[in-house]
Amino acid sequence: MNILSLSFEGDVLKYGVFSEGGLLVVQQGQVAGFRTEHTVGRTLQSVLVRVAATCDENISGLTIDAIALHVAFGGDKFSEPVVVALKTVECLNSMICEAPMHIPPLLELISSCFRDLPGCPVVLFFETSFFVGLPECERLYAINPDLQTGFGLRRYGYHGIFHEAACASLMCDSVRSERIISICLEPHAEIAAVVAGSPVMVSGGATPLEGLPGDTSSGEIDSGLLLSLSRMERWGPEQINTLLTQRSGLTGLVGSSVTLPDVMLSEQENVRLAREVMQYRILRQVGMALAAMNGFDRIVFSGRYARVGREIASWLVPKLPFSEKSETVLWSCFETSLMQIMAAQTLKVMAAVPSACTQEM
Amino acid sequence: MKILVFNCGSSSLKYRLIQMPDECELAGGEAQRVGPPTAAPARIYHSVGGGEPQVHYAEMPDHGTAFTAVMDLLVDEGLTCDAVGHRVVHGGVLFSQPTVIDESSMSRLEEISGLAPLHNPPTLNLIRVSRKMYPALPQVAVFDTAFHSTIPEKAFTYAIPQDLSQKYGLRKYGFHGTSHEFVVEEAARMLQQPLEQFSAVSCHLGSGGASLCAVVNGKSVDNTMGYSPMQGLVMSTRCGDIDPALTLNLLAYTQGNEDSVENILNKQSGVLALSGVSGDIRDILTLRGDGGRASRTAEIYLWRIRKYLGAYLTVVGHASAVIFTDTIGENIHEVRERVCRDLEIFGLKIDLEKNRTADSFPCDVATPDSLVRILIIRTNEELAIARRVYTALVSEHRSAAR
C-alpha cells in the first residue's frame, strides 16, 4: 500500500510517498510556484511526473493507493480526518470566507487528485481538529461574539496533527503520561497542555499569529500597539498583517532571515535578544500549561525542529516545579515528519470509513 | 510636609492630604461623575481627619474644575499643603522616576499624552490648572509605569522589527505600578523579609482594570499589561489578550477607523461583552438563571488570571507570596478561592475558611503548610504617591543645599 502525502506551504506543494503503512519513505520533495507560476493542477501533475520517473528506476509498478492532504484550517466542522466525499467539498466551499488563503487551492487540489488519480481515496487531515473541543474558558475571547470579524471568534491552535501524534506516541510508554506539555517546534512554534489526550490550553489563537513568536511571525502583541502603528505609519490592515506575518518574529528581532534552530542553537551575539525573547515566551507559556493541568507528567517536542527540543529541555526542565522524578523520563523528542504522520494515519482513517463514499465524486 | 495627592480616573478624582513622613491622613475624598453631565449630579465625598465623608455638590465639567472644587473645600477647612503629587498613568520611556514638574517636563508630558488617551489628558488638564493657581507649590508627577522600568528586555520586547520598535517606543510598559509597588513593599514588611530578596506575584484586580505583576528581588520583572492597558487579563470592558489578526480584521471592517476599534476593545469588550449585562465581575458572580452565560463569563475571567498566575510563578521561581489587592482582589473571596485552588504544583494552598472570613487587612489566607503565602493587602496608591513625592522633594532639597 503506497500513500502520497501532500501539503501546501507558502508557494510550495510538498510531497512524500510512503509504503508499508507509512513506515517506509519511498520519495520526498517539493514543487514550487502553485500560487505564482502555475495552477494547482499543473503543480500536482509535476509531482506525479516526478514520482513516476523515480519509481520507474527504483520500484517497478508503483501505484498510489491513497492520498493524504494536509489542511491548515478546518473550523468547527472537522473534528477528525475525513475521506473526501461530495458533502466534504460542499462543507469546504462554505468555509472559504473563514480561510480565503487556504481553502480555494485545497479545493483545486482535491479535484486535480480525482482527475489525475481516479478512484484513489483522498483523506484530509486538519490542523485544527484536535482543538475543536477545547474547553470554553480557553477557547473564547473576551469580545462581543456578534462582532463582524470575518471568522469565528475562537481560539484554535494550529499544530493539532503534531500535538496529537506526539502525545499518542507517549501513551505506549510505561511512564505515566496523563498530563503532557506538548511543544511543537515548527516555523510557528506552539505549546499545548494535553490531559488524557485532549487539549485544555494552547498558545495558538484564532489564527496562527497569536502565541509564541515564529520564524517570521510576531506572536502575541498588544492591540493598542497595532492601533498606534496604524495611526503613526498610516498603514492599512493588510500592510500591518504583512509586517506581523512575514517580517516579524525571530527574523524581525535579528534583522535578517533566521529560523528557530539558527537562534536557539547559536551563541552568536546578534541572535541573543531573539533567543532570550523566545526562551522567555516558552517559559511563560509552559507556566500557563502547568496552571491549566496543576502540574505535568511529560514534555514532548515535535515538529520539523523537534531536535531543538534537546537544547530547550536543558534550560527549561530545571526551572519547572515537579516532584521527585528522574529528569530523563520527563521529556522526549518526537521526530516523525508531518507527511509521515499523515501517511501512517491514512490507513486507520480508511479502515474506519466505507470506501464507497469516495465514488460520489 | 503636607502633601496633597491627586489620582485622576477617567471620570473621577481621588485626593488625599497626607502629613509626611508620619503618613497621617489629614483629609481625603473623591469627586465623582466628573465630565459631561450624567443621570446624577457631580459630587464630592469629602472627609476630614478620617471622619465620616460629607457629600458636596459642584459643577465639574472637567478635572480642572474638580480640582478647584476640592481646593475650595480644603481652604474652607483651613487646610493647606506644601506640595502636590499627581498620579500619571503613562510615563512612556521618558519618565522612569518621580519628576518635579517644570516647563520642560510639562512639554515632555504633553508629548506622550496620547499613550494613555483615557487617563493622561485629564491629568494634564488638572496639572495645568493647579500650576496656574498655585505657581509656588512644588508639583511632582508619579508614574504608574515607573515601577515596571525594571522589566528586562526579554520580557518587554515584542517580536517585531527592532527599528520600528525603537522609532515609536513600541514595547511593554506595564501599568498599575504604583499599586503593585505599594503592596509588594507591604508584603515584604509583613513577612519580615528584606525587599531586595522578596519575590512574589502581585494581583491588582480592580473593578475596572486589572493586572498581574511578577516580582523578583523587590523589582517588577513582568506585567500582564503591555504597550497599552488593553493587553493581558480579561477586564471589565477591556478585551485583554486577543489574536492580533482579530484587531486587524476589526480595522478592516471599520475602514481603518482606529478610534472605533479602540472603543470596541477598550469599552465594549471584557466581562461586559461576555456577559451581555454587566462589566462588573461582582454582578456576574451572583447572577443566576441566564442560561449559564454568567457562569461562563466568570470561568473565562478566572481562567485567564490562573494562566498568568501559573506563568508568573514559573518565571519568578521561588515566590514567597501571591498578593491580592484592589476592589475585587481585596473584597471578593470567591475570586481568590477559584484563582488559587488546584495550584498545589506551585506550593499554593488556600485556607478556604480563612479566605471566606477575611475582613481585616493585611492578612494571610494560605494554609500553614502552604509553601507560598497568600496575602490580601489593601492598596493605597495615594499614600504610595505621597511617599514618592516626599522622597523626591527631600532629595531635591538636599542636592540644592549642597
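The values are calculated or read from the model by the stated rules, or taken from the named source; none is laboratory data. Quantities reported herein were computed from a predicted structural model and do not represent experimental measurements. Cβ: placed from backbone, ideal geometry, glycine included. Neighbour counts: every protein chain shown.
Going residue by residue through the range B:176-195, is there one that turns out to be over 20 Å from B:Leu383 (Cβ atoms) and within 14 Å of chain A (Cβ to nearest Cβ)? No; the residues of the range B:176-195 include none that is over 20 Å from B:Leu383 (Cβ atoms) and within 14 Å of chain A (Cβ to nearest Cβ). Looking at A:Leu229, A:Leu244, just one residue is aliphatic (A, V, I, L, M) and surrounded by 24 or more Cβ atoms within 10 Å (Cβ to Cβ), and that residue is A:Leu244.
Exactly one residue among A:Ser182, A:Ser177, A:Ser169 is in contact with a helix residue (DSSP H, G or I) (Cβ under 9 Å, 6 or more places away or on another chain), polar (S, T, N, Q) and either within 13 Å of chain B (Cβ to nearest Cβ) or surrounded by fewer than 24 Cβ atoms within 10 Å (Cβ to Cβ) (or both), and that residue is A:Ser177.
Could you go through the range B:65-81 and let me know if any residue there is at pLDDT below 90 and surrounded by fewer than 19 Cβ atoms within 10 Å (Cβ to Cβ).
The answer is no; no qualifying residue exists.
So, A:Thr207, is that one hydroxyl-bearing (Ser, Thr, Tyr), surrounded by fewer than 21 Cβ atoms within 10 Å (Cβ to Cβ), under 16 Å from the mean Cα position of the chain (by Cα) and under 15 Å from B:Thr247 (Cβ atoms) or not? Taking the combined requirement at face value, the residue does not satisfy it. Hey, does the range B:358-366 have a residue that's modelled with pLDDT of 95 or more, surrounded by 15 or more Cβ atoms within 10 Å (Cβ to Cβ), assigned to a loop (DSSP other than H, G, I, E, B) and within 14 Å of chain A (Cβ to nearest Cβ)? No, the range B:358-366 contains no residue that is modelled with pLDDT of 95 or more, surrounded by 15 or more Cβ atoms within 10 Å (Cβ to Cβ), assigned to a loop (DSSP other than H, G, I, E, B) and within 14 Å of chain A (Cβ to nearest Cβ).
Within the set A:Val286, A:Val300, A:Val271, A:Val277, the sole residue that is hydrophobic (A, V, I, L, M, F, W, C), within 27 Å of A:Trp315 (Cβ to Cβ) and touching a His at 6+ places or on another chain (Cβ under 9 Å) turns out to be A:Val300. Pairing residues of the range A:66-95 that are closer than 17 Å to A:Phe8 by Cα with residues that are modelled with pLDDT under 95 and charged (D, E, K, R), at Cβ distances under 8 Å and at least 6 apart in sequence or on separate chains, gives A:Phe73/A:Glu98. Screening B:Tyr168 against (1) assigned by TED's automatic domain parsing to the domain that holds B:Arg306; (2) without any contact (Cβ under 8 Å) to a residue 60 or more places away in the chain leaves a single unmet condition, (1). Report yes if some residue within the range A:295-305 is at pLDDT below 95 and away from every other protein chain (no Cβ under 11 Å); otherwise report no. Yes, because at least one residue in the range A:295-305 is at pLDDT below 95 and away from every other protein chain (no Cβ under 11 Å). Could you please let me know if B:Thr327 is touching a helix residue (DSSP H, G or I) at 6+ places or on another chain (Cβ under 8 Å), surrounded by 17 or more Cβ atoms within 10 Å (Cβ to Cβ) and of a type outside the set (A, V, I, L, M, F, W, C)? When the stated conditions are applied, B:Thr327 does not pass them.
Apart from one condition, A:Ala313 fits all of (1) surrounded by fewer than 23 Cβ atoms within 10 Å (Cβ to Cβ); (2) touching a helix residue (DSSP H, G or I) at 6+ places or on another chain (Cβ under 8 Å); (3) free of Cβ contacts under 8 Å to residues at least 60 places away in the same chain; (4) of a type in the set (A, V, I, L, M); the exception is (2). Restricting attention to the range B:139-170, the residues that are within 10 Å of another protein chain (Cβ to nearest Cβ), crowded, with 19+ Cβ neighbours inside 10 Å and among the charged types (D, E, K, R) total 1.
Taking (1) assigned to a helix (DSSP H, G or I); (2) at the interface with another protein chain (Cβ under 9 Å from one of its Cβ atoms); (3) at pLDDT 95 or above in turn, B:Asp342 satisfies each apart from (1). Looking at the range B:130-138, can you tell me whether even one residue there is assigned to a loop (DSSP other than H, G, I, E, B), modelled with pLDDT under 95, surrounded by 22 or more Cβ atoms within 10 Å (Cβ to Cβ) and of a type in the set (Phe, Trp, Tyr)? No, the range B:130-138 contains no residue that is assigned to a loop (DSSP other than H, G, I, E, B), modelled with pLDDT under 95, surrounded by 22 or more Cβ atoms within 10 Å (Cβ to Cβ) and of a type in the set (Phe, Trp, Tyr).
The single condition among (1) within 10 Å of chain A (Cβ to nearest Cβ); (2) crowded, with 21+ Cβ neighbours inside 10 Å that B:Asn257 does not satisfy is (2). Any residue that is at the interface with chain B (Cβ under 8 Å from one of its Cβ atoms) and free of Cβ contacts under 8 Å to residues at least 60 places away in the same chain - is there at least one of those in the range A:255-273? Yes. Yes or no: the range A:34-42 includes at least one residue that is surrounded by 16 or more Cβ atoms within 10 Å (Cβ to Cβ) and within 16 Å of A:Val123 (Cα to Cα). No, the range A:34-42 contains no residue that is surrounded by 16 or more Cβ atoms within 10 Å (Cβ to Cβ) and within 16 Å of A:Val123 (Cα to Cα). Can you name the residue in the range A:213-226 that is crowded, with 23+ Cβ neighbours inside 10 Å and more than 7 Å from chain B (Cβ to nearest Cβ) and, of all such residues, is nearest to the chain's Cα centre (by Cα)? Taking the candidates together, the pick is A:Gly214. Is one or more of the residues making up the range B:177-185 touching a Gly at 6+ places or on another chain (Cβ under 9 Å) and over 25 Å from B:Leu233 (Cα atoms)? Scanning the range B:177-185, I find no residue that is touching a Gly at 6+ places or on another chain (Cβ under 9 Å) and over 25 Å from B:Leu233 (Cα atoms), so the answer is no. Restricting B:Ile242, B:Ile281 to those that are closer than 20 Å to B:Gly209 by Cα, under 25 Å from the mean Cα position of the chain (by Cα) and in contact (Cβ under 8 Å) with a residue 24 or more places away in the chain reduces the list to B:Ile281.
All conditions in (1) closer than 27 Å to B:Asp259 by Cα; (2) among the hydroxyl-bearing types (Ser, Thr, Tyr); (3) surrounded by fewer than 17 Cβ atoms within 10 Å (Cβ to Cβ) hold for B:Ser96, with the sole exception of (1).
Determine if the range B:237-251 includes at least one residue that is of a type in the set (A, V, I, L, M) and over 21 Å from A:Gly219 (Cβ atoms). No, the range B:237-251 contains no residue that is of a type in the set (A, V, I, L, M) and over 21 Å from A:Gly219 (Cβ atoms).
Would you confirm, using the coordinates I've provided, whether A:Phe130 is of a type outside the set (Gly, Ala, Ser), in contact with an Asp or Glu (Cβ under 7 Å, 6 or more places away or on another chain) and crowded, with 21+ Cβ neighbours inside 10 Å? Answer is yes for this residue.
Each residue in the range A:17-46 was checked for being in contact (Cβ under 8 Å) with a residue 60 or more places away in the chain and either charged (D, E, K, R) or assigned to a strand (DSSP E or B) (or both), and 4 of them qualify.
Which is within 11 Å of chain B (Cβ to nearest Cβ), of a type in the set (A, V, I, L, M) and closer than 20 Å to A:Ile181 by Cβ, of A:Val317, A:Val286, A:Val308? Answer to the check: A:Val286. If the condition is being among the β-branched types (Val, Ile, Thr) and either surrounded by fewer than 14 Cβ atoms within 10 Å (Cβ to Cβ) or over 20 Å from the mean Cα position of the chain (by Cα) (or both), then the range B:375-402 contributes B:Thr391, B:Val394.
Scan B:Leu250, B:Leu274, B:Leu212 and give me the residue that is in contact (Cβ under 8 Å) with a residue 40 or more places away in the chain, surrounded by 24 or more Cβ atoms within 10 Å (Cβ to Cβ), of a type outside the set (Gly, Ala, Ser) and facing another protein chain (nearest Cβ under 7 Å).
Numbers: B:Leu250 fails: in contact (Cβ under 8 Å) with a residue 40 or more places away in the chain; B:Leu212 fails: facing another protein chain (nearest Cβ under 7 Å).
Testing whether each residue is in contact (Cβ under 8 Å) with a residue 40 or more places away in the chain, surrounded by 24 or more Cβ atoms within 10 Å (Cβ to Cβ), of a type outside the set (Gly, Ala, Ser) and facing another protein chain (nearest Cβ under 7 Å) leaves just B:Leu274.
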